[in-house]
Protein chains: 2
Amino acid sequence: MKLTADQLAEFEEEGFLFLPRVFSPDEMDLLNSQLGRIFAEDRPEVIREKGSSSPRSAFYVQTWNPVFALLARHPRLVEPGMQILSSDKLYMHQFKINAKAAFDGAVWQWHQDYATWFNDDDMPAPRAMNIALFLAEANEFNGPLMFIPRSHRRGRLEAGHDVTTTSYPLWTIDNATITRLVEEGGIVAPKGPPGSILLFHGNLVHASGSNLTPWSRWILYLSLNRCDNAIRRFKRPTWIANRDFTPIEMLPDGCLLDYRRAVATAAQ
Amino acid sequence: MKLTADQLAEFEEEGFLFLPRVFSPDEMDLLNSQLGRIFAEDRPEVIREKGSSSPRSAFYVQTWNPVFALLARHPRLVEPGMQILSSDKLYMHQFKINAKAAFDGAVWQWHQDYATWFNDDDMPAPRAMNIALFLAEANEFNGPLMFIPRSHRRGRLEAGHDVTTTSYPLWTIDNATITRLVEEGGIVAPKGPPGSILLFHGNLVHASGSNLTPWSRWILYLSLNRCDNAIRRFKRPTWIANRDFTPIEMLPDGCLLDYRRAVATAAQ
């Protein structure tokens, strides 16, 4: 899956690119069939909401679930990253599913991901990015990602370490700066069905609201980094800031449905 | 301002009616010029968000601000209530401004207002309703009101008294019931500029999300009740559940701008 020159230009300009329906309903069924068991696991990589047992995030899932292991090497996710980051040597800095559970999903405050990668992990440059795959529909009500377009052009902004608002510590940006950025760029929230993907720059300022609806808003995030931009501080566990810098080798485009067929055959 | 037969039928069917731009920008400027001093007041009628000094609500404002006193008798708000409730003898059960401040506005959980009016105030029947006036733009990002269309047809639903989630105690509806209602009716969030009004049934199930944006979402609420349906328990203070059942006498349609002219003349 190659991005066009126009799509690459749009990413440069706006800081993000939304592509609806990149994965088929059959592929999404296979992925979603794994979520129940993933979030039922009692292990450090599975984070709960503050004051409840609702799932908030599951980290490093590519190492402990065989289906998500395929997705971490899927060409429809990895190849656009190679194009945007101008390198075919990328590794997986972070791989997580964010739940934002029905009725209980809390906010993510305004932040840049690169602020965390810099402050916590000593990543040299913002040559890393996120690729989000919607596992469930994202709509206007269930706490979709909100972006401030073009905010990535400001570089890394001052941030403070918020360790109280939610169960996950985050380097967040002050209200005066957000007000100024929103005056210039506004806010957008790309919405779409399961299987849509959303690519965004490591310096794009983003947040997401609460989810009071019966609709859980599951999103998978790949944080891809150039191998020549690997982190230099190992403060966070490897499941949250990966220390394995092996370049990703892509699998064939049909790997998910091939896997499903193989499992079905083996069961016969 | 008379509602048409079609508008009355829509209200009956859906449980709400949205009318954009009912008040002019000049009228809205006058109202909004009062908000700073209203929320600066240190008095019991002004409620703050849990754990912060951001304003959440100001109650009974018609008794302590001269401009909002006019609004409590404004024909563009009161006359539609008379039509829908089929009575020209209405009194003001509650009159409040909800702030949902920029960056800090917390959620309102799913609830029916009549549940509170019944449980706390012993209001005999759901012959009361809300009229919301947008003092600021309501958009998809700043925590707009969310309705479950047609949920008012279920009558009063079981509710539990939630005294912990926010700074304001509320009779809220359980998640299983909300899931069922949303499967049938979906969710809508009417959006529009300042001066728009939103009429909704006392039994319509509604909620609103957090506000992470720089845009405060101010809404004025009139809760109108038929004088022959007055409350019979006086557990809550009169500023939150009014004990003055005097029928509202409407003012002329131009009362707001007449007031502004009179003040300007007096200042000369």
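The values are calculated or read from the model by the stated rules, or taken from the named source; none is laboratory data. Remember, it's a predicted structure, so these values are computed and weren't measured experimentally. Cβ coordinates were reconstructed from backbone atoms using ideal geometry, including for glycine residues, and neighbour counts include every protein chain displayed.
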Failed item, numbered, when residue B:47 is tested on (1) within 20 Å of residue B:196 (Cα to Cα); (2) part of a strand (DSSP E or B): (1)
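Within the bounds of the stretch B:129-136, is there any residue that is in contact with a helix residue (DSSP H, G or I) (Cβ under 8 Å, 6 or more places away or on another chain) and within 14 Å of chain A (Cβ to nearest Cβ)?
no
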Scan the stretch A:174-209 for residues that are surrounded by 18 or more Cβ atoms within 10 Å (Cβ to Cβ) and either under 12 Å from residue A:110 (Cβ atoms) or modelled with pLDDT under 95 (or both) and report the count. 10
Before we move on, is residue A:226 buried (at least 23 other Cβ atoms within 10 Å of the Cβ), more than 20 Å from residue A:32 (Cα to Cα) and either hydrophobic (A, V, I, L, M, F, W, C) or touching a residue at least 60 places away in the same chain (Cβ under 8 Å) (or both)? yes
Taking the conditions exactly as written (in contact (Cβ under 8 Å) with a residue 24 or more places away in the chain and more than 10 Å from chain A (Cβ to nearest Cβ)), does residue B:202 satisfy them or not? yes
Filter the stretch B:67-118 for residues that are modelled with pLDDT of 95 or more and part of a loop (DSSP other than H, G, I, E, B); which is nearest to the other protein chains (Cβ to nearest Cβ)? B:112
Quick check on the stretch B:136-163: of everything there that is in a loop (DSSP other than H, G, I, E, B) and farther than 28 Å from residue A:146 by Cα, which residue is modelled with the highest pLDDT? B:150
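Looking at the stretch A:231-248, which of its residues are in contact with a Phe, Trp or Tyr (Cβ under 8 Å, 6 or more places away or on another chain) and under 17 Å from residue A:125 (Cα atoms)?
A:231, A:241, A:242, A:243, A:245
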Name the residue that is farthest from residue A:48 (Cα to Cα), counting only residues in the stretch A:145-185 that are within 11 Å of chain B (Cβ to nearest Cβ) and among the acidic types (Asp, Glu). A:183
Being touching a helix residue (DSSP H, G or I) at 6+ places or on another chain (Cβ under 8 Å) and over 21 Å from residue A:210 (Cβ atoms) narrows it down to one residue among B:214, B:194; which is it? B:194
Residue B:122 passes all but one of (1) assigned to a loop (DSSP other than H, G, I, E, B); (2) more than 20 Å from residue B:169 (Cβ to Cβ); (3) touching a residue at least 12 places away in the same chain (Cβ under 8 Å); (4) not β-branched (Val, Ile, Thr); which number fails? (2)
